[in-house]
Amino acid sequence: MMDQFKTSNTRGLIAVRRGVQILFFLITLFIGIKFYLFVAQLESGAAITLDRPPGVEAFLPISALVSLKYFLCTGIFNTVHPSALVIFLIICATALVVKKGFCSWICPFGLLSDHLAKLHLYLFKKQMDLPKWVDLPLRGIKYAIAGFFLWNVFFKMPVAALDQFIQSPYNTFADVKMLEFFTKISFTSFWVITVLLILSVIVRNFWCRYLCPYGAILGVISFFGMGKIKRDDRNCINCGKCEKVCPGRISIMEKAQINSLECSACLRCVDVCPRENAIGFSLLSGNAPMGQKRIALVLIAFFTVGITAARLTGRWQNEVTVDAYRQHILRSRMPWRIPAGIDPEKMEKMIKMMQTSKFPKTMTKQ
Ligand code: SF4
Ligand code: SF4
């Protein structure tokens, strides 16, 4: 039944997954640094020599959800954060083929989680997982968070409210706010992140397993997807090695096909299996075994094709002007709240004074 699993094609190739993770991490880092420099130029009032990298919108999933419903209701692809929706759609599409492959192959938090799990092993010398009766309800949290956002966006927001949200300054400059979340991190955010990191060392994959709503959405989509891990009882010797390394803590040996929402197509189970043709990842048709290299190619192809198509159809770059970004940044640097009824001309004059540095430095936030 499953002679298609040529495990020798995949064994020893975990390095491929790590390579893809590092590649996407470097791309994310490049985008982050470029956006940081773009904002820094705006803040300094210097001439703008850098373009805003559209990929930064990958970190705006709520904007993407609102844009998706707006697109479904009106057929209009919003121009405020179009790449947020493009990236969201690409990631969801990958789940139909390679399960939650995005989590274990591309997401920078997945890479971080992997390393924190290694630190867990180093510190505790063995894998310590939460008991099932604690694990199961905790796993429900990420579905509850995802459900909350989906319910509110898809069932509670009328089209007019979607449009208002998309055009609002809150959404328009969400990329700058997201950057400032890290560069000007608040006391509370710092401690929340620190606690999450510590929890991820104590409990393997804490963030991904219990809290990440993106992973929850991908898990549900992947349930209906084509790619599945399959185990062949005839060749399996029930050694349990696959279950031991599975980051999703899936009971692999009990099943012939893994439909679990937790499977991230990491292929660790395939890599450690001592038997030929006992376990493998394949599409539902069953004739195309996918090793690490094929999964890597599929993921890279999805992103390359999706982003190229978005570029060619004008759905990649946003249409928020550099001037609008500059004015937002200057406004946010003012130490007082601008009264709602202020004369726009006076406001404009103040902004120009700040731009030309004639504004007293003590009146601006350092
Ligand atoms: S590692 Fe391979 S042989 Fe061992 S239980 Fe898993 S599928 Fe069976
Ligand atoms: S080890 Fe296997 S079953 Fe577990 S998440 Fe990875 S691919 Fe899925």
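Might you check whether a residue that is small (G, A, S) and not in a helix (DSSP H, G or I) occurs anywhere in region 201-220?
Taking region 201-220 and keeping what is small (G, A, S), we get 215-216, 219.
Filter once more, keeping what is not in a helix (DSSP H, G or I): none.
No, the conditions are met nowhere in region 201-220.
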(message) I'd like the residue in region 280-296 that is buried (at least 23 other Cβ atoms within 10 Å of the Cβ) and within 27 Å of Y210 (Cα to Cα) and, out of all such residues, is nearest to ligand 1 (Cβ to nearest atom).
(response) G280
(request) Starting from residues that are among the hydroxyl-bearing types (S, T, Y) and closer than 27 Å to I221 by Cα, keep the ones in region 92-128 and report whichever is modelled with the lowest pLDDT. (result) S113
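Please specify each residue of region 97-108 satisfying the condition of being within 16 Å of ligand 2 (Cβ to nearest atom) and either surrounded by fewer than 24 Cβ atoms within 10 Å (Cβ to Cβ) or hydrophobic (A, V, I, L, M, F, W, C) (or both).
Once the filter is applied, which keeps residues that are within 16 Å of ligand 2 (Cβ to nearest atom) and either surrounded by fewer than 24 Cβ atoms within 10 Å (Cβ to Cβ) or hydrophobic (A, V, I, L, M, F, W, C) (or both), region 97-108 yields V97, V98, F102, C103, W105, I106, C107.
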(request) Return yes or no: is S189 within 30 Å of Y325 (Cβ to Cβ) and polar (S, T, N, Q)? (result) yes
(message) So L130 ticks every box in (1) assigned to a helix (DSSP H, G or I); (2) among the aliphatic types (A, V, I, L, M); (3) more than 28 Å from G19 (Cα to Cα) but one. Which box is left unticked?
(response) (1)
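May I ask you to verify whether L267 is touching a strand residue (DSSP E or B) at 6+ places or on another chain (Cβ under 7 Å) and at positive phi? So that I can check it myself, show each step before the final result.
Working: touching a strand residue (DSSP E or B) at 6+ places or on another chain (Cβ under 7 Å): yes; at positive phi: yes.
The answer is yes for L267.
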(request) Go through region 61-80 and give me each residue that's in a loop (DSSP other than H, G, I, E, B) and farther than 21 Å from T304 by Cβ. (result) G75, I76, N78, T79, V80
(message) Out of the residues in region 241-260 meeting the condition of being closer than 18 Å to K132 by Cα and surrounded by fewer than 14 Cβ atoms within 10 Å (Cβ to Cβ), tell me which one is farthest from ligand 2 (Cβ to nearest atom).
(response) E254
(message) Need the failing condition index for M226 against (1) surrounded by 17 or more Cβ atoms within 10 Å (Cβ to Cβ); (2) in contact (Cβ under 8 Å) with a residue 60 or more places away in the chain; (3) within 16 Å of ligand 2 (Cβ to nearest atom), just the number.
(response) (1)
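The values are calculated or read from the model by the stated rules, or taken from the named source; none is laboratory data. Every value quoted in this text rests on a predicted model; they were computed, and no experiment measured them. Virtual Cβ from ideal backbone geometry, glycine too; neighbours counted across all protein chains shown.
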